[in-house]
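Each reported figure results from applying straightforward, stated rules to the coordinates on display, with no laboratory input. As the structure is a prediction and not an experimental result, all values here were calculated from the model. Cβ sites come from the backbone with ideal geometry, for glycine too, and all protein chains shown count toward neighbours.
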Amino acid sequence: MIDKPISHLDGRLLYYAFKAGGHRILQQQAEINKINVFPVNDKDTGTNLASTIRSVLDNLRPNKSYKITLAGIAENALMGARGNSGIIFAQFLYGMNLATIEKGHISVSEFIDSVGKSIPYMYDAVANPVEGTMITVIKEWAESIKTNTKSTDFRKFLLESLESLNKSLEATRQKMKALRQTNVVDAGAKGFVVFIEGIIEFIRSNNIRQFVAQPDESLEPIHNEELHEGEITFRYCTEAVLKNLKVSKAELQHFLSKDGDSVVVAGSDSLSRIHIHTNDPAELFYKLKDFGTITFQKADDMIRQNEAATARKWNVAVVTDSTCDLSQELIDFYQIYTLPLNINFGNNHYLDKVTITPNHFYDLLESSAEFPKTSQINEHSFVNLYSHLASHYDAIISVHLTSQFSGTYTNSVKAAEKISVEFNKPIYTIDSKTLSGSLGLLVLRVAQSIEAGLEPADIVNSVEQWKANAKIFVSVKDLKYMIKGGRVSKRKGSIANLLNINPIVSMDEDGKSVLFGQAFSQRANINKVMKHIRKISAGKTIWNYTVLHAHNEAGADIYTQQMQELTGKSPVSVVDISPVIGMNAGNGTIAVSLLFK
């Protein structure tokens, strides 16, 4: 029986064709990862394309209308795009959508026309387009089908176009030095060809029932175990979604190009997705707040990702969140993986300690009309991290801020259960019942126990004992931040400020904040805290301590001097307190945390 020609493409057929192409990428993502050497040899192009595909499959249902379905595909791809290739692929779909009029179904010639008209959108999105990548292959495919296609049958047209597509893909091997040296084709271009091959296989069989029944959840983005080679010039792979741009996309590209490379600006003036490799995402986003409303951010540490694959010091990974206050030197030395909590100033979104530093945070705290809000790390972020780490480590120990303050720990547990089963590796999650410097000390002790060669299960059992020995005392200089945040009523705050009362906040054994004491100055607070520490230290040994401050180095120096006299050693860290903690404690806060043996 001869298959009936497919003369028109409607929304339902488009959806399942996209699903088929997407599934082919999900199935072959490891192979695509393996050949990824440009623009950075970080072996994640397949994973990034897979994540972009998943964003569409997880959030879209088919509509009979071709235009409505295509618009949904383009929007969800743009919102969920990851990496250079993912954003370029999303921009290709975005361009096709703009080039398609409101129709319930389209013909082969109309489809070819929309493909051709999408090409300028891709080139406009990339600050410095490099030939021999995905954009070249899509462009040459568009030119070929426009010139050579005579058929009005989608099945026949796509099958005939495959030869020119593969020829263009093979040619990428010679178009860039990095590809010539490694004798591979471009990974992003390969991903696009794989996508079209999946569509062709589906549309030849036209078996929609097969794809309706096929479960999506069995095909998740994975992380490759291949070694990453080559120098990483810029540390952070940074992405964001900006709404209501106040400048043109070209001006935004020019601005971004000053701070890094691999710059892509996709979407429209009302909703833009940016991608850039940079060394200072916090400085970048502090400036970007004036360009539009930042509704989403992502900043992956490519050096830490690279270490997981090529330079692991130990086979047990340590994970925490951004409320863990330790020096960056210790975090880097022990290869600690830190996920940031979210901070929102009005409609602008930031990542704690990654895309907003204490310096920028306190500037915004003083100047912003709205008091910031925080939100927990979602389960999806933990799933992404744990799946990456489980590809390289034998076990994971994850220690988080008190569950009384955030749902971060709960989301970590959910993700750990899922990935532990998938990879058959232990992932231990711990509610520290504390935060900031005392959380940092617990994380440091876990890391040093791993360094000493202790078994993960034994370390986790020890943490349960250490938690009771972790103490933190926070001296608040100005109550206005607690008043703004609703932690202290305006009436009580006004009275306390009038009397110049400075409270001292600590944590109880259940992980709740408690008022430890109060005095009429911070110096008096320090004396009160030190008197208490001397009392509870009797007969005990302080394993280590940290000193923390919010733009108050003078106060931190006083604590450091007195703790040195008491312990005979320097603090393990003196750091600017996490913005998530500092938003309520406020500018001028000082704190000391300690951990008994």
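Overview of values
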| quantity | calculated |
| --- | --- |
| CD proxy at 222 nm, helix term only [per DSSP H run n ≥ 4: -39500 (n - 2.57); per residue of the chain; nearest 500] | -16000 deg cm²/dmol |
| Per-residue HN-Hα couplings for segment 17-31 [Karplus 6.51, -1.76, 1.60; θ = phi - 60°; Hz; x = Gly/Pro] | 5, 4, 4, 5, x, x, 5, 5, 5, 4, 6, 10, 4, 5, 5 |
| Burial ordering of 400, 360, fewest other beta-carbon atoms within 10 Å first | 360, 400 |
| Compactness of the chain - radius of gyration and Dmax, Cα, Å | 27.1, 92 |
| Directionally averaged shadow of segment 251-318, computed from the convex hull of its alpha-carbon atoms, nm² | 5.9 |
| Charge dipole (debye, nearest 20) of segment 8-213; +1 at Cβ of Lys and Arg, -1 at Cβ of Asp and Glu | 300 |
| Pairs beyond 26 Å (Cα-Cα), from 531/569; 34/64; 139/258; 353/414 | 34/64; 139/258 |
| Amide proton proximity set for residue 341, modelled H, under 5 Å, gap of 5+ | 322, 323, 352 |
| Proximal aspartates and glutamates relative to residue 4, as straight alpha-carbon distance under 14 Å, when same-chain residues fewer than 8 apart are discounted | 153 |
| Amide H partners (placed H, <5 Å) of residue 428, local residues excluded | 396, 397, 398 |
| Check: the chain dipole with +1 on Lys, Arg Cβ and -1 on Asp, Glu Cβ, in debye | 1360 |
| Integer Hz, Karplus 6.51/-1.76/1.60 couplings in order for segment 538-554, x for Gly and Pro | 4, x, 10, 10, 7, 5, 6, 8, 10, 10, 10, 7, 10, 6, 9, 5, 5 |
| Test item: Cα-centred dipole of segment 238-347, Lys/Arg +1 and Asp/Glu -1 on Cβ, debye | 340 |
| Angle in degrees between helix 83-98 and the longest Cα principal axis of the chain, rounded to the nearest 10 | 50 |
| Cubic angstrom per residue, convex hull over Cα atoms of segment 10-98 | 73 |
| The chain: angle of helix 456-466 to the longest principal axis, Cα-based, in degrees nearest 10 | 40 |
| Shape call, segment 87-130: gyration tensor on alpha carbons, a/c limit 1.5 | prolate |
| Bins of 5 Å, starting at 0 and running to the largest distance - Cα pair percent for segment 8-213 | 1, 8, 16, 22, 23, 17, 9, 4, 1, 0 |
| Helix axis angle, 358-367 relative to the chain longest principal axis, alpha carbon, degrees | 90 |
